[in-house]
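Inspection log for the structure reproduced underneath, given as structure tokens.
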Amino acid sequence: MSDNANLFSLIEANSPHQRDSACLITQQGVPYSWNDLHQATAKIAHLLTSLNLPKGARIVSHVEKSPEALLLYLATLRAGFIFVPLNTAYQSAEMRYFIEDAQPSVVVCSPKNFGWLAQLAFQLGCEHVFTLDDILPNQGSLLQRAAPLPGDYPTVHSSADDIASIIYTSGTTGKSKGAMLSHGNLSSNAHALQTAWQWQSSDVLLHCLPLFHVHGLFISCHVALLSGSRMIFLPKFDAHKALALMNQSTVFMGVPTYYVRLLEQPGLSQAPCRTIRLFISGSAPLLTETFHAFQQRTGHTLLERYGMSETNIICSNPSQGERKAGTVGRALAGQQVRIVTDDGQPCDSGVVGHIEVKGPNVFKGYWRNPEKTALAFTADGYFKTGDLGKLDGDHYLTIVGRSKDLIISGGYNIYPKEIELLLDALPGVVESAVIGIPHTDFGEAVCAVLVCDRPVDTDQLIVTLKTQVANFKVPKKMVIVDELPRNSMGKVQKNLLRTRFS
């Protein structure tokens, strides 16, 4: 067996013997075989290598979901470079920050964004900008340049500690930080999930998640690829189309919003779900009412799990055994989860405290930010998740809140300070507090509480914000108050605002 820890090398080693079998099938029924995957990633890897990039070069991807977008990721791993996926909803100011911070050698974008993004990338010192079209993939410059190159490539040797990807994660006290995930972090987590979810080569994953997110790019794809199983690849989640494809699938992964949408489909019942063995939910809290409603309609008990950008998946309810509503299950094999008090002492069973984790899945640190990295870990090597939770007598974990001020809406992380700074700069707004409030569809919705010194049109404020940030960050609700509640130290008491406006 090869000692190459490169994740792509492990995927190849676990590919089916019949390389002409389908690895991925598009919504239109177009198959991509394992041979196609091997040859296409080889061509893109040759292209990247031909650019004479430095060791550890970052490759930024700002493209819509497509099979080719996944091939770009795999080719980046194969060539030994670092993949940096970014949400396609990000606008110019956001992309400026990420490019300045990651300092990529290559940016790959959608043709529709080439004009402004290429100009920005070149201005910030990036030498290479390619396009990748999700509608007409052969029209993008990346694949046009790669097409004549050889269809074989010796996968670069990587150690388990070599960085495979940088995932930008939201915080509450500053700008987004890049979590450095190694080949070993990603492969160890995929293997643990294979075991926990009893994944087989015969499984078929219905893939509806975006590829710029840990859930869609790592959790979903890695388990399927390392198992030599098949994916049905939808460009985005559509409840009607997903329901129609259920009977060709055995596993479905989604954020809670997807399950709410499926419950709105009149055709959702046990019949179309008869071949599914696992429905998995994550990336945001699942309401107990959604859990029970889905169980009643389909006969399936949703499997909740818990993870984050810095760790991938930490805990999961069992594929065989009791799945407890409201819990995210037990720690995966090889991982340790503990609950501690504010001063770091262990909490008793059932007592709420800070969630800390340790294991081979935990990231290597924050990109070029040793200070934040040091603060994120305890003296004995546990990662401080920033979440609050409790363990029951069976070691099932329940998440009860976040010690950080993070909002998770539809599976996406939103950091309130960013929105508050934009709101505070608008005419008439004296100050603002952005909070997350419960939302049946998205888990949480963004709510902005404003103090103003003149009449303001909140609808117009929303229109303005939509030109500045991604749509999922824009408040769903705005309310105007005379003053924000504060404690004796002058800190805004957001807990009171959440209680009042929830």
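Tabulated data for the structure shown
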| quantity | calculated |
| --- | --- |
| Options D161, D152; residue that is in contact (Cβ under 8 Å) with a residue 12 or more places away in the chain, within 20 Å of G359 (Cα to Cα) and of a type in the set (D, E) | D161 |
| Residues of segment 419-434 satisfying the condition of being within 14 Å of F472 (Cα to Cα) and more than 21 Å from the chain's Cα centre (by Cα) | V434 |
| Residues of segment 46-67 classified as part of a helix (DSSP H, G or I), touching a Pro at 6+ places or on another chain (Cβ under 9 Å) and within 14 Å of V156 (Cα to Cα), total | 1 |
| Among the residues listed as L7, L51, L37, the single one being at pLDDT 95 or above and in contact with a helix residue (DSSP H, G or I) (Cβ under 6 Å, 6 or more places away or on another chain) | L7 |
| Any hit, segment 292-308, residues being within 28 Å of F212 (Cα to Cα) and among the small types (G, A, S) | yes |
| Any hit, segment 169-186, residues being surrounded by fewer than 16 Cβ atoms within 10 Å (Cβ to Cβ) and either at pLDDT 95 or above or part of a helix (DSSP H, G or I) (or both) | no |
| Conditions (1) in a loop (DSSP other than H, G, I, E, B); (2) small (G, A, S); (3) under 25 Å from W34 (Cα atoms); number of the one not met by S220 | (1) |
| Single match in I135, I99, I166 (criterion: assigned to a strand (DSSP E or B) and either more than 30 Å from V362 (Cα to Cα) or at pLDDT 95 or above (or both)) | I166 |
| Filtered residue count, segment 126-140, keeping only those that are surrounded by fewer than 16 Cβ atoms within 10 Å (Cβ to Cβ), under 22 Å from P54 (Cβ atoms) and touching a Pro at 6+ places or on another chain (Cβ under 9 Å) | 0 |
| Unique residue being in a loop (DSSP other than H, G, I, E, B) and crowded, with 16+ Cβ neighbours inside 10 Å when the list is V469, V446 | V469 |
| Residue within segment 381-393 that is modelled with pLDDT of 95 or more and touching a Cys at 6+ places or on another chain (Cβ under 9 Å) present | yes |
| The lone exception for A164 - which of (1) within 25 Å of the chain's Cα centre (by Cα); (2) surrounded by fewer than 16 Cβ atoms within 10 Å (Cβ to Cβ) it fails | (2) |
| Restricting segment 28-44 to residues that are closer than 15 Å to V204 by Cα and touching a residue at least 12 places away in the same chain (Cβ under 8 Å), the residue that is surrounded by the most Cβ atoms within 10 Å (Cβ to Cβ) | W34 |
| Verdict on D424 being at pLDDT 90 or above, outside the structural domain of A93 (by TED's automatic domain parsing) and of a type in the set (D, E, K, R) | no |
| Filter pass, F130 being without any contact (Cβ under 8 Å) to a residue 12 or more places away in the chain, farther than 10 Å from H62 by Cβ and either touching a strand residue (DSSP E or B) at 6+ places or on another chain (Cβ under 7 Å) or of a type in the set (A, V, I, L, M, F, W, C) (or both) | no |
| Any hit, segment 71-88, residues being farther than 21 Å from T131 by Cβ, in contact (Cβ under 8 Å) with a residue 24 or more places away in the chain and in a loop (DSSP other than H, G, I, E, B) | yes |
| Residue that is touching an Asp or Glu at 6+ places or on another chain (Cβ under 8 Å) and not acidic (D, E), where the choices are Q139, Q200, Q194 | Q139 |
| Selection count, segment 418-436, where residues are assigned to a strand (DSSP E or B) and surrounded by fewer than 18 Cβ atoms within 10 Å (Cβ to Cβ) | 2 |
| Considering residues of segment 233-253 that are crowded, with 22+ Cβ neighbours inside 10 Å and under 19 Å from A69 (Cβ atoms) only, the residue farthest from the chain's Cα centre (by Cα) | F233 |
| Residues that are assigned to a loop (DSSP other than H, G, I, E, B) and surrounded by 20 or more Cβ atoms within 10 Å (Cβ to Cβ), drawn from segment 324-352 | T327, V328, G329, L332, Q335 |
| Of residues in segment 96-139 being among the charged types (D, E, K, R) and under 24 Å from R368 (Cα atoms), the one farthest from the chain's Cα centre (by Cα) | E127 |
| Of the criteria (1) buried (at least 21 other Cβ atoms within 10 Å of the Cβ); (2) without any contact (Cβ under 8 Å) to a residue 60 or more places away in the chain, which one Y415 fails | (2) |
| Tally, over segment 353-368, of residues that are surrounded by 19 or more Cβ atoms within 10 Å (Cβ to Cβ) and among the basic types (K, R) | 1 |
| Tally, over segment 353-373, of residues that are more than 16 Å from D387 (Cβ to Cβ) and not in a loop (DSSP other than H, G, I, E, B) | 6 |
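To keep it simple, each residue is scored yes or no on (1) at pLDDT below 95; (2) under 24 Å from H439 (Cα atoms); (3) in contact with a Pro (Cβ under 9 Å, 6 or more places away or on another chain).
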position: L225; (1), (2), (3): no, no, no
position: G228; (1), (2), (3): no, no, yes
position: A242; (1), (2), (3): no, yes, no
position: N247; (1), (2), (3): no, no, yes
position: A284; (1), (2), (3): yes, yes, yes
position: Q295; (1), (2), (3): no, yes, no
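The values are calculated or read from the model by the stated rules, or taken from the named source; none is laboratory data. Because the structure is a prediction, the values reported are computed rather than measured. With ideal geometry, Cβ positions are generated from the backbone for all residues, glycine too; neighbour counts draw on all protein chains shown.
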